[in-house]
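K.L.:
Could you have a look at this structure, given as structure tokens, before my questions?
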Amino acid sequence: DINCDGCLLVDKRLFSYCQICEVRKCGLEKNIKNCAYCDKYICEKLAKWFNKVPYAKVTLEEIRKGL
């Protein structure tokens, strides 16, 4: 189970995977709130992530609709 509150979170609900998450690392480097705000949405890293966590795509798609 993963409780992801977004890539920029640094001081609240972090868990061990946050330290090695490539998607989070990318979001931090680009200083974006989450992948829905990225110009390269859906990138290869994110597509792989969706294979592991398919409901994340639904959430990000909803965010993109509101942009």
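The values are calculated or read from the model by the stated rules, or taken from the named source; none is laboratory data. Just so you know, these numbers come straight off a predicted model, no measurement behind them. Virtual Cβ from ideal backbone geometry, glycine too; neighbours counted across all protein chains shown.
K.L.:
Within the range 41-58, identify whether any single residue is modelled with pLDDT of 85 or more, more than 10 Å from the chain's Cα centre (by Cα), on the phi > 0 side of the Ramachandran plot and of a type outside the set (Asp, Glu), and answer yes or no.
P.N.:
no
K.L.:
May I ask you to list pairs of residues, at least six apart or on different chains, whose Cβ atoms are under 9 Å apart, with the first in the range 22-36 being within 17 Å of GLU62 (Cβ to Cβ) and the second being of a type in the set (Ser, Thr, Tyr)?
P.N.:
Note: pairs meeting the criteria are ASN34/THR59; CYS35/TYR41; ALA36/THR59.
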